[in-house]
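First comes the structure, then the notes that go with it.
The values are calculated or read from the model by the stated rules, or taken from the named source; none is laboratory data. These numbers come from a predicted model, not from an experiment. Neighbour counts run over all protein chains shown; Cβ positions are idealised from the backbone, glycine included. Each accessible area value is taken on the protein alone, full model and side chains, heavy atoms only, with ligands, DNA and RNA left out. Shrake-Rupley method; radii C 1.70, N 1.55, O 1.52, S 1.80 Å.
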Amino acid sequence: ARHADAWNGFGPPADYAGSSAALDEQCRRIGRDPATIERTVLLRRLDDPVDVDAFVAAGATHLIRSIRPPFDDAD
């Protein structure tokens with residue numbers, strides 16, 4: 001909360017929201033505007049449906065999709 005420019009979380013949106021809220025509280029405790037920290041989320045599994053809107057509602061400003069080989073170069 002004191003030094004970060006960005007924070008990365010993961011997990012279901014409800015867990016992400018709880019962690020993001022905890023970061024907000026720590027920022028307020030030290031007098032920092034929580035909006036000054038970029039919120040990223042790591043989306044790990046391609047086969048799981050992702051509720052992007054839920055992560056955005058939970059505070060995510062940047063979504064990162066993890067992918068693994070084999071890659072299809074035609075896409």
Computed [θ] at 222 nm, helices only, for the chain once each DSSP H run of length n ≥ 4 contributes -39500 (n - 2.57):
-10000 deg cm²/dmol
Helix 13-30 vs. the chain, principal-axis angle (Cα, 0 to 90°, nearest 10)
30
For the chain, which whole percent of the accessible surface, found with a 1.4 angstrom probe, sits on carbon and sulfur atoms?
53
Taking only the Cα positions of the chain, the convex hull volume per residue in Å³ is 98
Taking a probe of 1.4 Å, how large is the accessible area per residue of the chain, in Å²?
71
Would you rank L43, L63 by solvent-accessible area, highest first, keeping every protein chain in place and using a 1.4 Å probe?
L63, L43
Coil-residue trypsin sites (Lys or Arg not before Pro) of the stretch 1-67, DSSP, other Cβ within 10 Å capped at 14
R2, R44, R45
